[in-house]
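Asks: One structure follows; several queries about it will come next.
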Amino acid sequence: MNIDKFKHQHVEILTCITDLRTLVKNGIRNNADDIAKMIISMSSIIKLHLAVEDKILYPALQSTNNASLARMGKRFQDEMTSIARAYLDFARKWNAASTLASNPEEFRSDANSVLRVLYERMRKENTDFYPVIEAC
């Protein structure tokens, strides 16, 4: 199975996270407009990524003759449910510059928590999940 598009989307998301961190370091209030735009942009990539996983990747893994891969796919899909929900809640809460500017430390705390989990998940997919898929 060709998963290059998934890997490319991970690069895009990780780039957004890096850019977001830079904006935050340079001041949340001063960069609230750009931070909100970055969250909206990153959210569109993440939503697309999640939709394609749910409609194409995970069903393909479930229909494979490789039971171990099917179980792994199911486990990754199940784990992603709470991660996706947390990110989407975060994005809804923090996609307006006014909200960011009026609550910078709350945003910083939420971003550190949610984006760390998202980053760790993508790292896990890149190192533990995608290589197994590509090997089959």
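The values are calculated or read from the model by the stated rules, or taken from the named source; none is laboratory data. Because the structure is predicted, anything quoted here is derived from the model rather than measured. Neighbour counts are summed over all protein chains in view; Cβ atoms, including those assigned to glycine, are modelled from backbone coordinates with ideal geometry. Quick note on the areas: whole protein, heavy atoms, side chains included, nothing else; ligands and nucleic acids left out. Shrake-Rupley method; radii C 1.70, N 1.55, O 1.52, S 1.80 Å.
Asks: What's the FRET efficiency of Ala67 with Glu134 using the Cβ-Cβ distance as r and R₀ = 22 Å, to the nearest 0.05?
Replies: 0.75
Asks: Straight-line reach from Lys74: which aspartates and glutamates have Cα under 12 Å away, leaving out those fewer than 8 places along the same chain?
Replies: Hits, sequence-local ones excluded: Glu53, Asp54.
Asks: Do the alpha carbons of any pairs in Lys5/Lys55; Lys7/Lys124; Lys55/Lys93; Lys7/Lys37; Lys37/Lys124; Lys47/Lys93 sit beyond 18 Å of each other, and which pairs?
Replies: Cα-Cα > 18 Å for Lys55/Lys93; Lys7/Lys37; Lys37/Lys124; rest within.
Asks: Still on this structure, please answer the following. In the chain, carbon and sulfur make up what percent of the accessible area (probe 1.4 Å)?
Replies: 52 percent
Asks: In nanometres, what is the gap between the two model label sites at Glu12 and Ala51, each 7 Å from Cα along Cα-to-Cβ?
Replies: 1.2 nm
Asks: Turning to a different aspect of this structure: Post the alpha-carbon centroid distance, the stretch 94-111 to the stretch 44-92, in whole angstrom.
Replies: Their Cα centres are 28 Å away from one another.
Asks: Could you provide, to the nearest whole Å², the per residue accessible area of the chain with probe 1.4 Å?
Replies: 55 Å²
Asks: If you take the beta carbon distance between Tyr119 and Ile40 as r and set R0 to 25 Å, what does 1/(1 + (r/R0)^6) give as a FRET efficiency, to the nearest 0.05?
Replies: 0.85
Asks: Could you tell me which of rounded, prolate or oblate describes the chain, using a ≥ b ≥ c as the square roots of the eigenvalues of the alpha-carbon gyration tensor, with rounded for a/c under 1.5 and, failing that, prolate when a/b is larger than b/c and oblate otherwise?
Replies: Because a/c hits 1.5 or more and a/b exceeds b/c, the chain counts as prolate.
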